[in-house]
Amino acid sequence: MHTNVWYVDENVDSEKVYPQVVEAAECLQRNEVVAFPTETVYGLGGNALSEEAVAKIFSAKGRPADNPLIVHVASRPHVEKLVSHIPKQADKLMNAFWPGPLTIVLPGGKSVASNVTAGLDTVAIRMPDHPVALALLKAANLPLAAPSANLSGKPSPTTAKHVIHDLSGRIAGIVDGGSTGVGLESTVVDCSGDHVTILRPGGVTKEQLEEVVGEVIIDPALSDEGQRPKSPGVKYKHYAPTAPVTLVDGSPSYLQSLVDKRRAEGKKIGVLATEESKATYRADVVIPCGTRADLISVANRLYDVLRQFDESDVDEIYSEMFTHEGVGAAVMNRLSKAASNRVIKE
Ligand code: TXA
Ligand code: MG
């Protein structure tokens, strides 16, 4: 399949009509799938009302069918058509954080194609805060089911180049609107029950949510391997570069000693460092992932850094760790998955 690339300035006016966006929207209306930028990561969009379009998303990504998709909308009236009702807490969260990196699980998926929700009686919805995404949603005039636009298991794409690397030839097109903002996927909160529960940490932090709705619970399955997560996608191997990743809970000099030992045994070793520490390491590849002083920069760089290790020939990767405070919760959630929870403590 030929994959079209449409270049669109990331600062478009989402109220205006652009010929490239219209072409991409027409593809979506024909139930083809098209990747597009959001403020978190690139999404692979398809008509959420069409089984055929949604099936193409799953097959392009190689995604397990029991992992439901997020539905993206450009306006509140679109949400009302897709759910049985909007609980009060959900309404508050929409007003506070939409458009933005917050996905809300709502009761009763009405009218969305059955393969979007993987048989659940809830549907996850978000309004992205990116002018290109909003322009595309408006031009298509459809709710778009869109998982991250990577091959299943790989780090999510934060540039069009990442999407092309994974999906070229497998999808109808990609709207290239430059690099994404946050760099990690949206926070997923469940508002379909009695409590507001975080199913996946992301750009909107627990602290920010609590300012709006009071107490927020974290799905216990996020910290306990034995539990079955409410967000089915959370259980899969994720974000992993080809070389195994190990997190090091200790000082840079301890991390260096692990690197030295493995290099003495003939292994090529990569280190995921920070701007503050990069000069202190001796390894085959050292890549800084933002600065410790600004965790948002770490979130921003993480997936690109994991993909850069894939382009090197390292056998193993050792990574520094970060705080769980604020956006650090999302960073550590993704890093732990990239490392399949392997941690060495000093
Ligand atoms: O930032 C994002 O959320 C990006 C951009 C493209 O919007 N999308 C994204 O989609 O990360 P994906 O498919 O990679 O992750 C969707 C997550 C999965 O963990 C999935 O299990 C969960 O949302 N999810 C979807 N529908 C759900 C539902 N009804 N109940 C619980 N979890 C759900
Ligand atoms: Mg994903």
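Scan the range 231-244 and give yes if some residue there is among the β-branched types (Val, Ile, Thr), modelled with pLDDT of 90 or more and under 21 Å from Gly328 (Cβ atoms), otherwise no. Looking for residues that are among the β-branched types (Val, Ile, Thr), modelled with pLDDT of 90 or more and under 21 Å from Gly328 (Cβ atoms), one finds none in the range 231-244, hence no. Among residues of the range 238-256 that are more than 18 Å from Leu302 (Cα to Cα), those with a Cβ under 8 angstrom from a residue that is surrounded by 15 or more Cβ atoms within 10 Å (Cβ to Cβ) and among the aromatic types (Phe, Trp, Tyr), sequence gap 6+ or separate chain, pair up as Pro252/Tyr281; Leu255/Tyr281; Leu255/Tyr318; Gln256/Tyr281. Please enumerate the residues belonging to the range 282-322 that are assigned to a loop (DSSP other than H, G, I, E, B), of a type in the set (A, V, I, L, M, F, W, C) and either assigned by TED's automatic domain parsing to the domain that holds Gly178 or within 21 Å of Thr40 (Cβ to Cβ) (or both). Across the range 282-322, the qualifying residues are Cys289, Phe322. Is it the case that some residue within the range 116-134 is open to solvent by less than 40 Å² (accessible area, probe 1.4 Å) and free of Cβ contacts under 8 Å to residues at least 40 places away in the same chain? Scanning the range 116-134, I find no residue that is open to solvent by less than 40 Å² (accessible area, probe 1.4 Å) and free of Cβ contacts under 8 Å to residues at least 40 places away in the same chain, so the answer is no.
Of these, Val271, Val327, which one is at pLDDT below 95, outside the structural domain of Pro155 (by TED's automatic domain parsing) and among the β-branched types (Val, Ile, Thr)?
On the way: Val271 fails: at pLDDT below 95.
On inspection, the qualifying residue turns out to be Val327.
Any residue at all in the range 150-170 that is open to solvent by 40 Å² or more (accessible area, probe 1.4 Å), touching a residue at least 40 places away in the same chain (Cβ under 8 Å) and aliphatic (A, V, I, L, M)? Yes - at least one qualifying residue is present in the range 150-170.
Quickly run through the range 1-36 and pick out the residues that are assigned to a helix (DSSP H, G or I) and within 21 Å of Ser111 (Cβ to Cβ).
From the range 1-36, those assigned to a helix (DSSP H, G or I) are 19-29; that's our starting set.
Ala25, Leu28, Gln29 - these are the residues of the range 1-36 that are assigned to a helix (DSSP H, G or I) and within 21 Å of Ser111 (Cβ to Cβ).
On the given criteria, is Glu210 without any contact (Cβ under 8 Å) to a residue 24 or more places away in the chain and of a type outside the set (Val, Ile, Thr)? Even if it seems obvious, please write down each step before you answer.
Numbers: without any contact (Cβ under 8 Å) to a residue 24 or more places away in the chain: yes; of a type outside the set (Val, Ile, Thr): yes.
When the stated conditions are applied, Glu210 passes them.
Scan the range 37-53 and give yes if some residue there is of a type in the set (Phe, Trp, Tyr), open to solvent by less than 60 Å² (accessible area, probe 1.4 Å) and not in a loop (DSSP other than H, G, I, E, B), otherwise no. There is no residue in the range 37-53 that is of a type in the set (Phe, Trp, Tyr), open to solvent by less than 60 Å² (accessible area, probe 1.4 Å) and not in a loop (DSSP other than H, G, I, E, B). Quick check, is Asn67 in contact with a Lys or Arg (Cβ under 9 Å, 6 or more places away or on another chain) and in a loop (DSSP other than H, G, I, E, B)? When the stated conditions are applied, Asn67 passes them.
Can we say Leu93 is closer than 23 Å to Glu207 by Cα, more than 9 Å from ligand 1 (Cβ to nearest atom) and not in a loop (DSSP other than H, G, I, E, B)?
Numbers: closer than 23 Å to Glu207 by Cα: yes; more than 9 Å from ligand 1 (Cβ to nearest atom): yes; not in a loop (DSSP other than H, G, I, E, B): yes.
In short, yes.
Inside the range 80-105, residues that are more than 26 Å from Gly183 (Cβ to Cβ) and either out of contact with any Gly (no Cβ under 9 Å at 6 or more places or on another chain) or in contact (Cβ under 8 Å) with a residue 40 or more places away in the chain (or both) make up a count of 10.
Would you mention how many residues in the range 68-114 are under 15 Å from Leu209 (Cβ atoms) and either outside the structural domain of His195 (by TED's automatic domain parsing) or not hydroxyl-bearing (Ser, Thr, Tyr) (or both)?
The first filter runs over the range 68-114 and keeps only residues under 15 Å from Leu209 (Cβ atoms), leaving 87-98, 100-105.
Within this subset, residues satisfying the condition of being either outside the structural domain of His195 (by TED's automatic domain parsing) or not hydroxyl-bearing (Ser, Thr, Tyr) (or both) are 87-98, 100-102, 104-105.
The qualifying residues number 17.
Selection of the range 159-196 for residues being within 10 Å of ligand 1 (Cβ to nearest atom) and among the hydroxyl-bearing types (Ser, Thr, Tyr) yields Thr180, Ser186, Thr187, Ser192. Within the range 136-152, the residues that satisfy the criterion of being in contact with a helix residue (DSSP H, G or I) (Cβ under 8 Å, 6 or more places away or on another chain) and either outside the structural domain of Ala60 (by TED's automatic domain parsing) or within 21 Å of Leu167 (Cβ to Cβ) (or both) are Leu136, Ala140, Leu142, Leu144, Ala145, Ala146, Pro147, Ala149, Asn150, Leu151, Ser152.
The values are calculated or read from the model by the stated rules, or taken from the named source; none is laboratory data. These numbers were taken from a predicted model, which means no experiment stands behind them. So basically every Cβ, Gly included, is an ideal-geometry build from the backbone, and we count neighbours across all protein chains shown. To get the accessible areas, we keep the full protein, side chains included, count just its heavy atoms, and leave off ligands, DNA and RNA. Shrake-Rupley method; radii C 1.70, N 1.55, O 1.52, S 1.80 Å.
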